[in-house]
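Everything below concerns the one structure shown next.
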Amino acid sequence: MVTRALDVVLLGPPGAGKGTQAKRLAAAYELLHLSTGDLLREEVVRGSELGREAEGYMKRGELVPDALVGKMLLARLHSQQAAAGCAFDGYPRNLEQAGLLDGLLAELNRRVDIALYLNVPDEALLERLTGRRSCPSCGAVYHVVTHPPHVEGVCDTCGGALVQRADDREEVIRERLRVYHQQTAPLLEHYQARGALREVVGTGTQDEVFERLREAMRSTKR
Ligand code: AP5
Ligand code: MG
């Protein structure tokens, strides 16, 4: 039996748990985890032309121009790994990107099946982001209090040295939050209007949030 692709968008402010939960959803539903933030950070580390162009915006907590991100997304979307569907994490970020994504998916005879909004109050986000540590080698994400590695500063999965993201400084976090409320939050209305939005409480443990997401996913076909 041929199953239709399943495309899921994760929405929510910086630190809401989009990356944490997108990885789990991708594993559970056999989707490609497509994080534009992770892809951009890889380009920065590689020192590619795109990475060099994107770095300044990211360090300031601003959005990277739509055209740059769109080009990067297009290649991934047409890859074999994306054929069964994607868990979009950090994309779209504004109404222009949402329109572009709709168009790209329509060309593949697909659409955003569900937009999952992780609702976490701003007060909790600063603590989550200042305590985040991630592994540049394998991408695992920790938190110094709520999800610490077994050995401080060392990745449980691959033994790599954990780092703090360059944009997880308080003044940059505040700018990212401002940009989120101004440019990304209007997407909630965009997906609500077409009946695709599901709001999920993003506080509680990672397992509790994942269970709520699974419950919300029951309204889709897979
Ligand atoms: P991006 O990488 O997308 O960052 P973001 O949206 O700011 O979100 P984060 O990755 O910070 O948070 P998250 O929701 O993934 O939370 P996480 O799971 O890590 O974008 C970075 C930059 O790249 C942007 O500012 C922009 O410059 C550029 N960019 C990216 N996409 C773009 C686009 N489409 N267009 C233009 N520019 C773009 O969790 C956070 C922490 O909380 C972790 O420590 C985690 O362990 C912890 N945590 C998770 N769940 C819980 C829980 N339930 N309880 C307690 N702690 C928890
Ligand atoms: Mg993330």
Indicate the gyration tensor shape class of region 15-63 (rounded, prolate or oblate), computed on the Cα atoms with a ≥ b ≥ c the square roots of the eigenvalues: a/c under 1.5 is rounded; otherwise a/b larger than b/c is prolate and the rest oblate.
oblate
Summed side-chain charge close to residue 120 - residues other than residue 120 whose Cβ falls under 14 Å, Lys, Arg +1, Asp, Glu -1
0
Please sort 41-48, 11-18 by packing, taking for each peptide the average over its residues of neighbouring beta carbons within 10 angstrom, highest first.
11-18, 41-48
Quick one: net charge of residue 148's neighbours, Cβ under 13 Å, K/R +1, D/E -1?
0
On average over all directions, what projected area in square nanometres does region 82-186 have, based on the convex hull of its Cα atoms?
8.3 nm²
Taking the alpha-carbon centre of each part, the distance from region 113-175 to region 177-206 in Å is 20 Å
Please turn the phi angles of region 168-176 into ³J(HN,Hα) values with the Karplus equation 6.51 cos²θ - 1.76 cosθ + 1.60 (θ = phi - 60°), one per residue in order, whole Hz, x for glycine and proline.
9, 8, 3, 5, 6, 4, 5, 5, 4
Any idea of residue 165's accessible area? Nearest 10 Å², probe 1.4 Å.
50 Å²
Lys and Arg at +1, Asp and Glu at -1: neighbours of residue 108 with Cβ under 14 Å from its Cβ sum to 0
Long-range share for region 27-100, i.e. C-alpha pairs more than 14 Å apart as a percent of all pairs, stands at 61 percent
Whole-Hz ³J(HN,Hα) for each residue in region 191-203, computed from phi via Karplus 6.51 cos²θ - 1.76 cosθ + 1.60 with θ = phi - 60°, x for glycine and proline: what do you get?
7, 4, 4, 9, x, 9, 7, 10, 8, 10, 5, x, 9
Alpha-carbon gyration tensor eigenvalues x 5, square-rooted, for the chain, Å
25, 21, 18
Using a Cα-Cα cut-off of under 20 Å, which aspartates and glutamates could be cross-linked to residue 71, ignoring same-chain neighbours fewer than 8 residues away?
7, 38, 42, 43, 49, 53, 55, 62, 89, 96, 102, 107
Sparsely packed GluC sites (Glu not before Pro) within region 152-222, loop by DSSP, other Cβ within 10 Å at most 15:
152
For region 138-222, rounded, prolate or oblate, judged on the Cα gyration tensor with a ≥ b ≥ c (square roots of eigenvalues), a/c < 1.5 rounded, else prolate if a/b > b/c?
oblate
Please report, as a whole percent, how much of the solvent-accessible surface of the chain comes from carbon and sulfur atoms (probe radius 1.4 Å).
52 percent
Accessible solvent surface per residue of region 1-87, calculated while the other protein chains remain in place, 1.4 angstrom probe, Å²:
47 Å²
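The values are calculated or read from the model by the stated rules, or taken from the named source; none is laboratory data. Here the structure is a predicted model, which is why all the values come from computation and not from measurement. Neighbour counts are summed over all protein chains in view; Cβ atoms, including those assigned to glycine, are modelled from backbone coordinates with ideal geometry. Remember, those area values only see protein heavy atoms, side chains included, never the ligands or the DNA or RNA. Shrake-Rupley method; radii C 1.70, N 1.55, O 1.52, S 1.80 Å.
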